[in-house]
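What follows is calculated from the coordinates using simple rules that are stated; it is not laboratory data. What you are looking at is a predicted structure, and each value in this text was computed from that prediction instead of being measured. FYI the Cβ positions are ideal-geometry reconstructions off the backbone, even for glycines, and counts take in every protein chain you see.
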Amino acid sequence: MVHLADTWLLWLIFAFSAMVVLFYTFTLVANLLAAPFNSFLAARVEALVTGQQPDSGRSLVGDMAISLRDELRCILYILWHALLIGILGLLLLFVPLFGILTPLLWFIFTAWMLAMSIPTTRSAVMA
């Protein structure tokens, strides 16, 4: 027999999990939508800071395509490594005494992704 307290706890866990998934999905979609405009913003900031209008030598559509491609490449890179870390973490959960390494593994992965600097289109042009 299912008690009311048990279903309440399950709904709370479900609601929290749904909020986390929606947050990450929104962030992913927002980054994809903003990617074509990031190079324009960076060019405008560069023009305001240096006083010179930067020229990438590409058309508007070319800049947008490159920005979108780079953002998709970055997202696929992160998702691929997250999948590998997730599989390794699940395997470690079944090995006694090594299951406690799974949260540490995710912490290191998250720190690595936050610290890693993937060059944007603007910085690649300036190099």
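Here the Gaussian network model covers the chain, with springs between Cα atoms less than 10 Å apart; of Thr50, Thr25, Thr110, Thr50 fluctuates the most.
As a proxy for reagent exposure, ranking Leu88, Leu12 by other Cβ atoms within 10 Å from fewest up yields Leu12, Leu88.
With a simple spin-label model that places each label point 7 Å from the Cα along the Cα-to-Cβ direction, the separation between His81 and Phe98 comes to 2.2 nm. Highest GNM mean-square fluctuation among Leu72, Leu32, Leu41, for the chain modelled with Cα contacts below 10 Å: Leu41. Equivalent-ellipsoid semi-axes for segment 4-126 (Cα gyration tensor, √(5λ), whole Å, largest first): 40, 19, 12. Only DSSP H runs of four or more residues enter the estimate; each adds -39500 (n - 2.57), and after division by the residues of the chain the mean residue ellipticity at 222 nm equals -28500 deg cm²/dmol. Model label points for Phe23 and Ala115, set 7 angstrom from Cα along the Cα-to-Cβ axis, are 2.3 nm apart.
A Förster radius of 25 Å, combined with the Cβ-Cβ distance separating Ala34 from Leu60, puts the computed FRET efficiency at roughly 0.95. Simple spin-label estimate for Phe107 and Leu12 gives 2.5 nm between the two label positions (7 Å along the Cα-to-Cβ direction from each Cα).
Short-range pairs are left out: with C-alpha atoms under 8 Å and at least six residues apart, the relative contact order of the chain is 24 percent.
Residues Asp63, Asp70, ranked from the fewest to the most other C-beta atoms within 10 Å, line up as Asp70, Asp63. Against the chain, whose longest principal axis is taken from its Cα atoms, helix 4-50 shows a tilt of about 10°.
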